[in-house]
1. Quick check, is V220 of a type outside the set (D, E) and touching a Phe, Trp or Tyr at 6+ places or on another chain (Cβ under 6 Å)?
2. Can you work out which of the residues in the stretch 87-126 that are of a type in the set (K, R) and closer than 23 Å to K8 by Cβ is surrounded by the fewest Cβ atoms within 10 Å (Cβ to Cβ)?
3. Would you check if A52 is free of Cβ contacts under 8 Å to residues at least 60 places away in the same chain and more than 17 Å from the chain's Cα centre (by Cα)?
4. Going residue by residue through the stretch 58-76, is there one that turns out to be touching a Phe, Trp or Tyr at 6+ places or on another chain (Cβ under 8 Å), touching a residue at least 12 places away in the same chain (Cβ under 8 Å), within 25 Å of I216 (Cα to Cα) and of a type in the set (S, T, Y)?
5. Of the residues G165, G137, which single one is in contact with a helix residue (DSSP H, G or I) (Cβ under 9 Å, 6 or more places away or on another chain) and closer than 22 Å to T67 by Cα?
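The values are calculated or read from the model by the stated rules, or taken from the named source; none is laboratory data. Only a predicted model underlies this, so the values are computations on that prediction, with no experimental measurement involved. Virtual Cβ from ideal backbone geometry, glycine too; neighbours counted across all protein chains shown.
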Amino acid sequence: MSPELKGKVAIVTGASRGIGKAIASTAAGLGIDLALAARQEGPLQETAAEIAKKYNVEVLTVPCDVTKLQDLENLVNKTKEKFGRIDILINNAGVSSQYPFEKQPIDDFEKLAHTNYLGYVRLIRLVINDMIQKKSGAIINMVSGSTLCDPVPRSFIVYSSLKVGLRAFSKGLFWELRDQGIKVTSILPGVTDTDLTGKLQEVTADHSRLMTTEAIESAVRFALTVPANVCPLEIAVINQQTPWTAPVIPYKQDHPKS
Ligand SMILES: NC(=O)c1ccc[n+]([C@@H]2O[C@H](COP(=O)([O-])OP(=O)(O)OC[C@H]3O[C@@H](n4cnc5c(N)ncnc54)[C@H](OP(=O)(O)O)[C@@H]3O)[C@@H](O)[C@H]2O)c1
């Protein structure tokens, strides 16, 4: 537990499983009280019960679809009603999909944009004025190691280009708010063993190359515990060995067989 963080309050989106669940546990281990959000109530409550039992912190669950503005407003309101404050926002909810662009369902674009970009920006907008008023706050955005690749990896161009936009937004937000005492950190994970990657082909073909969530937990712990006058702007934690994060993506990489 960290004495400076004990009693602080964090919202974590996409907290029911995968990276979100792991980093919510990390925050709880530092003594931070939590408001956990995801769409499906059952898994969210199971995760909350597990965390509350293991760490001596308060855990609120708020079912929330980050693509819906009303749900985001409700998340912020419920968190303030219960705790009276929001010190940390961990924007993590995300979806992925792997398609050659010409075969990607048109509905996918809206879902990706609303979940992986707009959901993040809107939720920040809803908490930022309280943070500015207090002259303190920390925002962590789950970006992606795929943003390190130029061109972005084929068959993921909509997902990855939105993450590139999110990364640019996060960096800009830090520069805009740094004098207001607010930290903004982007985490760029490599290919991590979660349900999200389980749905992808190609990149998970060699399972031994996948990271566990542990490295991302360390990155979040680092971001939350650096001295007050320091802000880790970006932390990239990528796989030692994977075609996904090779310095130069071979652009002739084949499409997955469908
Ligand atoms: N895994 C990787 O290799 C990897 C690499 C780079 C970046 N990332 C990023 O890391 C983040 C977490 O990914 P993950 O691998 O942990 O995925 P995951 O295992 O599929 O978990 C996704 C979480 O987000 C929630 N979620 C999805 N859509 C949502 C929505 N519209 N509103 C609210 N919650 C929603 C899910 O719960 P519900 O379904 O119940 O809503 C779940 O809790 C994502 O932003 C992803 O892009 C992952």
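1. So V220 fails the test.
2. Filtering the stretch 87-126 for residues that are of a type in the set (K, R) and closer than 23 Å to K8 by Cβ, the one surrounded by the fewest Cβ atoms within 10 Å (Cβ to Cβ) comes out as R125.
3. Criteria met by A52.
4. No, the stretch 58-76 contains no residue that is touching a Phe, Trp or Tyr at 6+ places or on another chain (Cβ under 8 Å), touching a residue at least 12 places away in the same chain (Cβ under 8 Å), within 25 Å of I216 (Cα to Cα) and of a type in the set (S, T, Y).
5. The match here is G165.
Each row is one residue, and each column tells you yes or no for (1) within 25 Å of T213 (Cβ to Cβ); (2) buried (at least 18 other Cβ atoms within 10 Å of the Cβ); (3) modelled with pLDDT under 95.
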residue	(1), (2), (3)
V152	yes, yes, yes
I157	no, no, yes
L162	yes, yes, no
G172	no, no, no
G190	yes, yes, yes
